[in-house]
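Colleague: My questions will all concern the structure given below.
The values are calculated or read from the model by the stated rules, or taken from the named source; none is laboratory data. For clarity, every value in this text was computed on a predicted model and none was experimentally measured. All Cβ positions, glycine included, derive from the backbone under ideal geometry; neighbour counts span all protein chains shown. SASA here: full protein model, heavy atoms, side chains in, ligands and nucleic acids out. Shrake-Rupley method; radii C 1.70, N 1.55, O 1.52, S 1.80 Å.
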Amino acid sequence: MALRITIVSETYFPQINGVSRTLDKLVGHCCARGDHLQLIVPHYDEPVVESSGVERREFPGFALPCYPEVLLPLVTPGRIRRELQRFDSDLVHIATEGPLGWAALRAASSLNLPVVSSYHTNFPQYLAGYRLGWLEPIAWRYLRWFHNRTLQTFCPTPSIKSLLEKRGFRNVAVWSRGVDSKHFQPGNRDEDLRRSLGLQSDETVLVYLGRLAAEKNLQVLFDAFEKLPADSSCRLLVIGDGPLGDRLRSRADERIVFVGYRRGLELARMLAVGDLMVFPSVTDTFGNVMLEGMASGLPVLGFNVPGPRDVIADGQTGRIVSRVTAEDLARAIVETVANQEALHWMGQQARKHAESQSWPCIMEKVCEQYDRHTLNPGCCEIRSRYADRNSA
C-alpha cells in the first residue's frame, strides 16, 4: 500500500555528502515502490528538478559559521504542521536534529503522526574539532531527548548502535549503506586521466574523498603523508573541498594533487585512477565513500573506530589501523604499498564486498519499518485515512 512520507533534513541535494546521497537513494526507492514523498529541506541557490511523485518544500536558512555549506532554516512548528496537513502525511522521517528537525518533531507530534528518525552524524564528537568540546555533554543530552521522542532511530552500523544505546537511546535499529557498483567500478580507470593529473604509472596513488574540514581528521592524514620515506613512490589525490581547503593546499608539496568536488561519472572516473583509499576520520558514523572506493577496486585504510571497523575487513578489503596517530597511519601505508600483489588482491576483495552491498535491499528494510509503524493497531487515525483514500 502506497504511503505519503515526509522526509525532513537540513542537508539534501545539491549538497554533496553522505547524508544527502543516502536520503536521495531512499527517496528513489520509495518512489519506485509507489510511495509519494514530501521533502522539507533548506533552500539552495542551485535549481533542482525532482522526479515524479516528489514534492520539495524549501525554507531559507542561515549558514553555520564553521560549516558554511550547512544551512539551518528557522521555521516554526506551526508552519511545518500546515505543510504536513496539506500533504496529508502518513509518516514523518526526520534525518537531522537541527532547528528544522526540532520544528518537524513538534509539528508531527501535535498531529499524532508516526515519527521515525535517523542518526547520521556524530556532532558531539565534531565539537572538539572546533574547540567546543565543553558542549559535548549538552549535545548528547539534546540528541537523546530528540531521538527518544521518535518511534525508532536508524543508525548506520552496529558499533554506532551500541554507542547510542550506552548513551540511553531507545529503539535503535541498524540502517546500513549501499553503493551503486555499476556506477563505481574498476572499469572506469582511465590511464589518460591519470597522466593528465601528473600521476605516473609506477606511482601508488592514495585517495582521500570527502570534505576538507576539521572533523575529518585531515591533520593526521597530511602528517602521515609527510612522514612517508623520501624515496616513497606514493602520491596523494584529494577529491573534495571545504573550510580547510586553502590551508591544506598551502602546506602541500607537488606530491599532492587537489581536484576539488567531483560528481557523477566524473567522480567515479576520478576514484578509479587511485590504488588505495585512506579514510582518516574518527567521527563518521559510516563513511559512504569507503564503499565507493571499494566498488572502484580500492582497498581502504581506516582507524579502529566505529564506521571504518564496521566496513573494512582487516587484511581482506583493506586494513584497520589500531592507533589514531600519524606515525601508525604512515606505517600502515608503507606496509600496504610495499606488497603490490597483496594490494591488488585486497582491491579485488573490496570490489566483491561492494557488489554485495545493494541499495535496494538495504532501503527495502527501512520501508518495511515505515509500513510497520503506520499500520500498527495504535495508528487508528492513519488506518482510517487509508480506508478513506482507497475508497475514493
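Colleague: Which of the residues spanning segment 1-15 are in contact with an Asp or Glu (Cβ under 9 Å, 6 or more places away or on another chain) and either at pLDDT below 95 or outside any strand (DSSP E or B) (or both)? Outline the logic, then answer.
Modeller: First pass over segment 1-15, keeping only residues in contact with an Asp or Glu (Cβ under 9 Å, 6 or more places away or on another chain): 1-6, 10-15.
Within segment 1-15, 1, 2, 3, 10, 11, 12, 13, 14, 15 qualify.
Colleague: May I pose another question? Looking only at residues that are of a type outside the set (A, V, I, L, M) and under 13 Å from residue 157 (Cβ atoms) in segment 289-306, which one is surrounded by the most Cβ atoms within 10 Å (Cβ to Cβ)? Spell out how you get there, then give the answer.
Modeller: Narrowing segment 289-306 to residues of a type outside the set (A, V, I, L, M): 292-293, 296-297, 299, 302-304, 306.
The next check asks that each one be under 13 Å from residue 157 (Cβ atoms); those that pass are 302, 306.
Values: 302: 27, 306: 23.
Among those residues, the one meeting the criterion is 302.
Colleague: For segment 150-161, indicate whether the set of residues that are open to solvent by 60 Å² or more (accessible area, probe 1.4 Å) and either at positive phi or without any contact (Cβ under 8 Å) to a residue 40 or more places away in the chain (or both) is non-empty.
Modeller: Residues of segment 150-161 that are open to solvent by 60 Å² or more (accessible area, probe 1.4 Å), as a first pass: 151, 158.
Checking the rest, the ones that are also either at positive phi or without any contact (Cβ under 8 Å) to a residue 40 or more places away in the chain (or both) come to none.
No, every residue in segment 150-161 fails to be open to solvent by 60 Å² or more (accessible area, probe 1.4 Å) and either at positive phi or without any contact (Cβ under 8 Å) to a residue 40 or more places away in the chain (or both).
Colleague: Restricting to segment 344-356, name every residue that is over 24 Å from the mean Cα position of the chain (by Cα) and either among the aromatic types (Phe, Trp, Tyr) or crowded, with 17+ Cβ neighbours inside 10 Å (or both).
Modeller: 345
Colleague: Looking at residue 72 and the list (1) assigned to a loop (DSSP other than H, G, I, E, B); (2) farther than 27 Å from residue 364 by Cα; (3) in contact with a Phe, Trp or Tyr (Cβ under 7 Å, 6 or more places away or on another chain); (4) not acidic (Asp, Glu), which single condition is not satisfied?
Modeller: Just one mismatch for residue 72, condition (1).
Colleague: On to the next question. Give just the number: which of (1) in a helix (DSSP H, G or I); (2) closer than 19 Å to residue 23 by Cβ does residue 96 not satisfy?
Modeller: If we test residue 96 against (1) in a helix (DSSP H, G or I); (2) closer than 19 Å to residue 23 by Cβ, just (1) comes out false.
Colleague: Can you spot a residue in segment 89-102 that is closer than 29 Å to residue 362 by Cα and among the aromatic types (Phe, Trp, Tyr)?
Modeller: Of the residues in segment 89-102, the ones closer than 29 Å to residue 362 by Cα are 89-102.
Keeping just the survivors that are among the aromatic types (Phe, Trp, Tyr) gives 102.
The answer is yes; a qualifying residue exists.
Colleague: Somewhere in segment 60-68, is a residue within 21 Å of residue 241 (Cα to Cα), in contact (Cβ under 8 Å) with a residue 60 or more places away in the chain and aliphatic (A, V, I, L, M)? Outline the logic, then answer.
Modeller: Of all residues in segment 60-68, those within 21 Å of residue 241 (Cα to Cα) come to 62-68.
Adding the requirement that they be in contact (Cβ under 8 Å) with a residue 60 or more places away in the chain leaves 66-68.
Then drop every residue that is not aliphatic (A, V, I, L, M), which leaves none.
No, the conditions are met nowhere in segment 60-68.
Colleague: If you go through segment 364-379 one residue at a time, do you hit one that is open to solvent by less than 20 Å² (accessible area, probe 1.4 Å), modelled with pLDDT of 95 or more and within 18 Å of residue 207 (Cα to Cα)?
Modeller: Scanning segment 364-379 turns up no residue that is open to solvent by less than 20 Å² (accessible area, probe 1.4 Å), modelled with pLDDT of 95 or more and within 18 Å of residue 207 (Cα to Cα).
Colleague: Only one residue in 365, 352 is free of Cβ contacts under 8 Å to residues at least 12 places away in the same chain and assigned to a helix (DSSP H, G or I), so which one is that?
Modeller: Values: 365 fails: free of Cβ contacts under 8 Å to residues at least 12 places away in the same chain.
Sole residue among the options that is free of Cβ contacts under 8 Å to residues at least 12 places away in the same chain and assigned to a helix (DSSP H, G or I): 352.
Colleague: Just checking, does segment 232-240 include any residue being open to solvent by 20 Å² or more (accessible area, probe 1.4 Å), among the β-branched types (Val, Ile, Thr), within 30 Å of residue 270 (Cα to Cα) and not in a loop (DSSP other than H, G, I, E, B)? Spell out the reasoning first.
Modeller: Kept after step one, since they are open to solvent by 20 Å² or more (accessible area, probe 1.4 Å), are these residues of segment 232-240: 232-233, 235.
Applying the additional criterion that residues be among the β-branched types (Val, Ile, Thr) yields none.
Scanning segment 232-240 turns up no residue that is open to solvent by 20 Å² or more (accessible area, probe 1.4 Å), among the β-branched types (Val, Ile, Thr), within 30 Å of residue 270 (Cα to Cα) and not in a loop (DSSP other than H, G, I, E, B).
Colleague: Considering only residues of segment 110-149 that are among the aromatic types (Phe, Trp, Tyr) and not in a loop (DSSP other than H, G, I, E, B), which is most open to solvent (accessible area, probe 1.4 Å)? Break it down stepwise before answering.
Modeller: So in segment 110-149, the residues among the aromatic types (Phe, Trp, Tyr) come out as 119, 123, 126, 130, 134, 140, 142, 145-146.
Then drop every residue that is not not in a loop (DSSP other than H, G, I, E, B), which leaves 123, 126, 134, 140, 142, 145-146.
Working: 123: 97, 126: 21, 134: 174, 140: 8, 142: 80, 145: 87, 146: 1 Å².
Looking at residues that are among the aromatic types (Phe, Trp, Tyr) and not in a loop (DSSP other than H, G, I, E, B), I get 134.
Colleague: Something else about it: Please count how many residues of segment 1-52 are of a type in the set (S, T, N, Q), more than 20 Å from residue 210 (Cβ to Cβ), open to solvent by 20 Å² or more (accessible area, probe 1.4 Å) and within 20 Å of the chain's Cα centre (by Cα).
Modeller: First pass over segment 1-52, keeping only residues of a type in the set (S, T, N, Q): 6, 9, 11, 15, 17, 20, 22, 38, 51-52.
So of that shortlist, the ones also more than 20 Å from residue 210 (Cβ to Cβ) come out as 6, 38, 51-52.
Still in the running and open to solvent by 20 Å² or more (accessible area, probe 1.4 Å): 51-52.
Remaining after also requiring within 20 Å of the chain's Cα centre (by Cα): none.
Result for segment 1-52: 0.
Colleague: Would you confirm whether or not segment 178-197 contains a residue that is within 22 Å of residue 286 (Cβ to Cβ), open to solvent by 10 Å² or more (accessible area, probe 1.4 Å), without any contact (Cβ under 8 Å) to a residue 60 or more places away in the chain and not in a loop (DSSP other than H, G, I, E, B)?
Modeller: Scanning segment 178-197 turns up no residue that is within 22 Å of residue 286 (Cβ to Cβ), open to solvent by 10 Å² or more (accessible area, probe 1.4 Å), without any contact (Cβ under 8 Å) to a residue 60 or more places away in the chain and not in a loop (DSSP other than H, G, I, E, B).
Colleague: Here is a check on your reading of the model: is residue 346 in contact with a helix residue (DSSP H, G or I) (Cβ under 9 Å, 6 or more places away or on another chain) and within 20 Å of residue 211 (Cα to Cα)?
Modeller: Values: in contact with a helix residue (DSSP H, G or I) (Cβ under 9 Å, 6 or more places away or on another chain): yes; within 20 Å of residue 211 (Cα to Cα): no.
Answer is no for this residue.
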